[in-house]
1. Relative contact order (percent) for the chain, with alpha-carbon contacts under 8 angstrom and 6 or more residues of separation?
2. How large is the Kirkwood hydrodynamic radius of segment 242-313, in angstrom, based on all distinct alpha carbon pairs?
3. Post the alpha-carbon centroid distance, segment 120-163 to segment 243-307, in whole angstrom.
4. Give the Rg (one decimal place) followed by the Dmax (whole number) of segment 103-150, computed from C-alpha coordinates and expressed in Å.
5. Regarding segment 123-191, what are the three Cα extents along the principal axes, ordered largest first, in Å?
6. Evaluate the distance, in nm, between pseudo-label points positioned 7 Å from the Cα of Asn74 and of Asp287 along their respective Cα→Cβ axes.
7. Would you kindly derive the ³J(HN,Hα) couplings of segment 17-28 from the backbone phi angles with the Karplus curve 6.51 cos²θ - 1.76 cosθ + 1.60 (θ = phi - 60°), listing them in order in whole Hz, with x for Gly and Pro?
8. If Lys and Arg each add +1 and Asp and Glu each add -1, what is the summed charge of the other residues whose beta carbon sits under 12 Å from the beta carbon of Asn57?
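The values are calculated or read from the model by the stated rules, or taken from the named source; none is laboratory data. Remember, predicted model here, so these are calculated numbers, not experimental data. Heads up, the Cβs are rebuilt from the backbone with ideal geometry, glycines too, and the neighbour counts pull from every protein chain shown. SASA here: full protein model, heavy atoms, side chains in, ligands and nucleic acids out. Shrake-Rupley method; radii C 1.70, N 1.55, O 1.52, S 1.80 Å.
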Amino acid sequence: MSGRFPILYIAEADAEAAVLSSGVLAYLVDSLPQADITIVGSAASAPLFADTPRLSNLIVMDKTGRVDWIALWNRVRQTRWGLAVDMRGTRFTERLRRQKRAVKGAPRPGTHAVEDAAWTLHLDEVPAPRLFFGEETRAAADALIGDDPSPILAVGPGADWIGKRWPAERYAKVAAPLLAEDGPLAGGRLMIVGEEADRDLAHTIRLAVPRARVIELQGKLTRLQTAAALSRAALYVGADSIWTQLAVAAGAPTVGVYGPSDDTRVGPWGGVSIRGERSYEEFLAVDPNLNQAIQHMMGLPADRVLKAAQGLIEKNRKAQSGGS
């Protein structure tokens with residue numbers, strides 16, 4: 001096909017890492033309208049890119065043994081690629097027929113993961129994480145949210161480790177004043193996202209507003225559909241988790257609550273990260289492998305997160321009104 005420019009994009013196997021790098025893929029989609037794109041991901045990361053424009057092939061490679069790489073090689077070796085991008089940092093693309101290749105290097109000290117992703121292509125400007133949503137994906141989200149135009153406060157309380165979980169009652173202490181009659185999101189609704197396993201956390205949070213103003217999405221949508229739902233949020237507040245990165249990639253103003261995490265590396269790009277009184281290094285001193293069953297997040301009070309949320313809402317309102 002005349003003008004065709006095939007791109008091979010190997011996404012990270014880890015879903016959060018893949019979302020953090022997603023701005024690079026979005027940049028390629030936007031800047032190369034003649035490109036056809038083949039994406040390789042894991043069972044966790046590949047579905048996040050299912051709605052990418054001009055997607056010619058979505059390959060799931062969940063295991064990374066020698067046999068799996070050979071199987072991938074046999075699927076892609078016949079194509080002469082215009083560009084091969086490897087976000088897993090392997091040598092796989094070395095022997096492919098291609099015009100150009102870009103391989104993600106080791107993390108650079110003091111650099112955000114989003115910046116490292118942009119550095120892979122030596123971009124002058126750093127593209128923010130961004131996912132694409134097709135009509136069916138949006139429809140699935142809209143079916144559960146409805147067409148109520150009132151503002152939505154999204155909350156993602158779940159995390160993959162107890163050490164990263166902020167107490168549910170503190171999310172409620174943030175949500176209630178934001179959605180109160182005199183709050184910045186007055187008359188709005190509370191949307192809770194996460195896995196089915198996060199329902200217990202949601203029980204306390206949903207009590208912040210009347211039941212009729214709560215949208216519970218935990219376990220009801222895929223991660224890509226959840227991101228589409230988050231694109232409708234006026235504000236998102238959540239833990240260091242996949243849900244926070246999805247909110248960023250959906251374009252939602254984001255406040256992340258952090259403790260035993262390096263928010264200089266994975267904090268919400270373009271959003272706000274709030275920490276307690278301990279630094280990341282201090283958490284490492286207590287829990288070197290960051291895997292103990294310790295509630296590390298108890299030192300972050302609700303009022304600090306509420307203040308950050310109010311500030312971000314006000315900042316965005318001024319930006320939307322031209323700074324007036």
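1. On the way: 637 pairs, mean separation 51.8, N = 324.
Across the chain, relative contact order equals 16 percent.
2. Values: mean 1/r = 0.0772 Å⁻¹.
So the Kirkwood estimate lands at 12.9 Å.
3. Between the Cα centre of segment 120-163 and that of segment 243-307, the gap is 19 Å.
4. 17.3, 45
5. Computed over segment 123-191, the largest-to-smallest principal extents equal 40, 36, 27 Å.
6. 4.4 nm
7. 4, 5, 5, 4, 8, 4, x, 5, 5, 4, 4, 5
8. Details: positive: Arg54, Arg75; negative: Asp36.
Computed value for this residue: +1.
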